[in-house]
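A quick write-up on the structure given underneath.
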Amino acid sequence: QVRLEESGGGLVQAGGSLRLSCAASGRTFSNVAMGWFRQAPGKERELVASIRYSGGNTYYTDSVKGRFAISRDSANNTVYLQMNSLKPEDTAVYYCGVRVGAPTTGASTYNYWGQGTQVTVSS
């Protein structure tokens, strides 16, 4: 079993920044991908960014390119999402997910999830 715990969400004004953290514990795998997803009310969970935990290959959805950055700290089993130039449309619950294998974009392909952290961007 893999346990994920997100932190770092909150309320910020448009143009501000937040850094989300996802700490992983429990069972470890040699080939995993970690993704940050978000889900706004009434919308599907969408991939924001992903990273191959071993090799660092990253992916960003178009709407966050140039503003968000995903990174990992292997020593502490933690993945971060640095979010800059936040916009009201970034408001959502942000979830950290883990899947065994290469990164994918579909939420249904991820095996483990954290409880989520709320990000609210005011205009």
Qualifying position, being within 24 Å of Ala14 (Cα to Cα) and under 11 Å from the mean Cα position of the chain (by Cα), among Leu81, Leu86: Leu81
Selection status of Thr28, open to solvent by 60 Å² or more (accessible area, probe 1.4 Å), farther than 21 Å from Gln115 by Cβ and free of Cβ contacts under 8 Å to residues at least 60 places away in the same chain: no
Failed criterion for Asp73 (all others in (1) under 18 Å from Val121 (Cα atoms); (2) open to solvent by less than 60 Å² (accessible area, probe 1.4 Å); (3) acidic (Asp, Glu) hold): (1)
Selection status of Ser63, farther than 28 Å from Gln1 by Cβ, assigned to a helix (DSSP H, G or I) and open to solvent by 40 Å² or more (accessible area, probe 1.4 Å): yes
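Residues checked against (1) closer than 15 Å to Leu4 by Cα; (2) at pLDDT 95 or above; (3) of a type outside the set (S, T, N, Q); (4) in a strand (DSSP E or B):
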position: Ser30; (1), (2), (3), (4): no, no, no, no
position: Lys43; (1), (2), (3), (4): no, yes, yes, no
position: Leu81; (1), (2), (3), (4): yes, yes, yes, yes
position: Leu86; (1), (2), (3), (4): no, yes, yes, no
position: Ala102; (1), (2), (3), (4): no, no, yes, no
position: Gln115; (1), (2), (3), (4): yes, yes, no, no
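The values are calculated or read from the model by the stated rules, or taken from the named source; none is laboratory data. Not measured: the values here are computed from a predicted model. Positions of Cβ are backbone-derived with ideal geometry, glycine not excepted, and every protein chain shown enters the neighbour counts. These accessible areas exclude ligands, DNA and RNA; they are computed on the full protein's heavy atoms, side chains included. Shrake-Rupley method; radii C 1.70, N 1.55, O 1.52, S 1.80 Å.
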